[in-house]
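Written below as structure tokens is the structure these notes are about.
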Amino acid sequence: MATSSTPLKLGVIGTGAIGRDHIRRCSHALINSTVVAVTDINLEHAAKVVAELGIAAEVYADGHAVINAPEVEAILVTSWGPTHEEFVLAAIAAGKPVFCEKPLAVTAEGCRHIVDAEIAYGKRLVQVGFMRPYDEGYRALKRVIDSGQIGEPLMLHCAHRNPTVPEQYKTDMAITDTLIHELDVLRWLLADDYKSVQVVFPRKTSKAFAHLKDPQIVLIETVKGTRIDVEVFVNCQYGYDIQCEVVGETGIARLPEPSQVQLRSEAKLSNAILMDWKDRFIAAYDVELQAFIDGVRAGHINGPSAWDGFAAAVAADACVAAQQSGTIVELGLPARPSFYN
Ligand code: NAI
Ligand code: ISE
């Protein structure tokens, strides 16, 4: 195991968009980590990523070979969502800490299997890749809410906008792939859980593929009675735009815009809008992964837990049911096990 003088040896499963980016940061940007093993169902691509990033990682035949490689001390799961449950369970069975990109599993039932396995193991091994609680803007917003300066939060108005999505992105993915970030970060922001959800569909944009209902508005009621509306609009064209406004009893607090140079040029006063999640949350991804690395080395993983992954998935399942039924769907989140307190 890594000591104070040796870097943590990581194995990465999935070398696509975020896998490659996480390999880069763990190899070249963060401290006390090194990537020693990788895999992808496209092995040629995995080898290409290793070569392009100039790292000395071995390419293994599959995810189980990475997990069981003796030199690998901790795992990053960055493959497609439906593969996460299998790899996280295998990492727990091997007793190895595992950082799993969202979603922890594609259903609440799958997340529950992971929660049960981790509790049976007896020690936290899992951190979920919910990076927004590590974003400086969300942290500043939480500090304002917790200070009491705007009183109790009554309403939240949020938006999650992507410029475009690929053709394989389906209507339920607006929940399981996109809204899942709000389902996590808003629980954390408000220190609350969700009571019920409803999904309504405004007029459809002509810019979305025929099969995709876009935009969508998700209406959430929390246990404490706060009302949240989240606009999910994944073909908004103009940028990658994350908004969150908290209306409290005595004031309003807004998520800050990412810092950008303000430009006065050609008779215009302007601020650029980012186009990509990779850039919008670049610092948050660094901080979340450094927290995982430091947590594993210290023997205490403190980031978003398997329970947080489960709670978000319970809400996501309810939202998908609400998309289909058009009704208000109540959530049945069981009591949090003391293991996660
Ligand atoms: P991607 O499609 O670019 O990359 C996924 C890679 O996993 C592909 O190279 C694919 O060949 C590989 N893969 C799939 N099944 C595999 C298996 N059984 N074994 C080994 N490799 C396998 O997808 P992307 O965008 O990188 O997303 C990956 C995961 O990361 C998803 O769960 C996604 O939701 C999450 N993600 C999280 C983001 C965040 O903001 N936290 C941002 C983007 C993605
Ligand atoms: C993607 O997988 C992410 O996680 C991004 O953060 C999100 O904005 C996007 O909608 C998802 O497809």
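Overview of results
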| item | result |
| --- | --- |
| Hits in the stretch 61-90 - residues which are outside any strand (DSSP E or B), away from ligand 1 (no atom under 13 Å from the Cβ) and under 20 Å from the mean Cα position of the chain (by Cα) | Leu89 |
| Tally of residues being within 16 Å of ligand 2 (Cβ to nearest atom) and surrounded by fewer than 15 Cβ atoms within 10 Å (Cβ to Cβ) across the stretch 61-83 | 2 |
| Output for the stretch 43-60, where each listed residue is open to solvent by less than 80 Å² (accessible area, probe 1.4 Å) and assigned to a loop (DSSP other than H, G, I, E, B) | Gly54, Ile55, Ala57, Tyr60 |
| The one condition in (1) more than 16 Å from ligand 1 (Cβ to nearest atom); (2) open to solvent by 20 Å² or more (accessible area, probe 1.4 Å); (3) part of a helix (DSSP H, G or I) that Ala291 fails to fulfil | (1) |
| Residues of the stretch 96-129 classified as closer than 17 Å to Gly14 by Cα, in a loop (DSSP other than H, G, I, E, B) and open to solvent by less than 10 Å² (accessible area, probe 1.4 Å), total | 2 |
| Residue match in the stretch 19-36 (condition: within 29 Å of Trp307 (Cβ to Cβ), among the small types (Gly, Ala, Ser), out of contact with any helix residue (DSSP H, G or I) (no Cβ under 6 Å at 6 or more places or on another chain) and within 16 Å of ligand 2 (Cβ to nearest atom)) | yes |
| Some residue of the stretch 7-15 being of a type in the set (Val, Ile, Thr), assigned by TED's automatic domain parsing to the domain that holds Ala91, buried (at least 24 other Cβ atoms within 10 Å of the Cβ) and part of a helix (DSSP H, G or I) | no |
| Strands (runs of 3 or more DSSP E) within the stretch 211-288 that include 1 or more residues in contact (Cβ under 8 Å) with a residue 24 or more places away in the chain | 216-222, 227-233, 241-248, 252-254 |
| Val218 of a type outside the set (Gly, Ala, Ser) and surrounded by 18 or more Cβ atoms within 10 Å (Cβ to Cβ) | yes |
| Residues of the stretch 204-248 satisfying the condition of being hydroxyl-bearing (Ser, Thr, Tyr) and over 21 Å from Trp277 (Cβ atoms) | Ser206, Thr222, Thr226 |
| The one condition in (1) under 16 Å from Val320 (Cβ atoms); (2) not in a helix (DSSP H, G or I) that Thr176 fails to fulfil | (2) |
| Of residues in the stretch 265-277 being open to solvent by 60 Å² or more (accessible area, probe 1.4 Å) and within 17 Å of Thr178 (Cβ to Cβ), the one nearest to ligand 1 (Cβ to nearest atom) | Trp277 |
| Identity of the residue in the stretch 294-341, in a helix (DSSP H, G or I) and charged (D, E, K, R), that ends up nearest to Leu186 (Cα to Cα) | Asp308 |
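The values are calculated or read from the model by the stated rules, or taken from the named source; none is laboratory data. Worth saying up front: this structure is predicted, and the values here are computed from it rather than measured. So basically every Cβ, Gly included, is an ideal-geometry build from the backbone, and we count neighbours across all protein chains shown. Heavy atoms of the whole protein, side chains included, go into the accessibility calculation; ligands, DNA and RNA do not. Shrake-Rupley method; radii C 1.70, N 1.55, O 1.52, S 1.80 Å.
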